[in-house]
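The values are calculated or read from the model by the stated rules, or taken from the named source; none is laboratory data. These numbers come from a predicted model, not from an experiment. Backbone-built Cβ (ideal geometry, glycine too); neighbour counts: all protein chains shown.
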Amino acid sequence: MTIFPDAKEGSSSVPASRGQGKASPGRARSLARRSAVQAIYQWQVAGQDVNQIEAQFLTEQDMKRVDVAYFHELLHKVPAHLVELDDQFADFLDRPIPELDPVERAILRIGAYELKHRPDIPYRVIINEAVELAKTFGADQSHKYVNGILDKVARKLRAVEMRMKSGQPAGE
């Protein structure tokens, strides 16, 4: 059984596109993030082994349209880099990490992982995906909180990329 709070009205914890063939690469990665948030939430709350959680998702959830390799990466690498990831955003929080809502904590950890370890993914995509996950699974205003925190993490980890996107020379 997957442990996860109910998603907001109109959304589902399982992709709505069951049985409709393969998803585009971008959509498949979005679905991987969505599943990873649920799986990491489960890991945080229940303390279950990530291998058990992964096996459960692969057998109990419709993962046909999900980038399973990316889901695997997030589910295994986020816990493996936990201290490093939490350090990326801890200074920007208004409370200690253990007091964060577990959904927000899972989303922030995934976002921090992607910002730190996946330079192939633009920072704007990472933040947008995190905001969308917070809108779906988080409390009413958690998307604003997640956006603000990850924006600060991106300024720290992706300063050169951000300057290049804004048109400023990288050396300024």
Selected residue (criterion: surrounded by the most Cβ atoms within 10 Å (Cβ to Cβ)) from residues of the stretch 96-145 that are free of Cβ contacts under 8 Å to residues at least 60 places away in the same chain and polar (S, T, N, Q) = S142
Could you identify the single residue in V78, V66 that is assigned to a helix (DSSP H, G or I), modelled with pLDDT of 95 or more and not hydroxyl-bearing (S, T, Y)?
-> V78
E172 fails exactly one of (1) among the acidic types (D, E); (2) at pLDDT 95 or above; (3) more than 20 Å from R33 (Cα to Cα), namely (2)
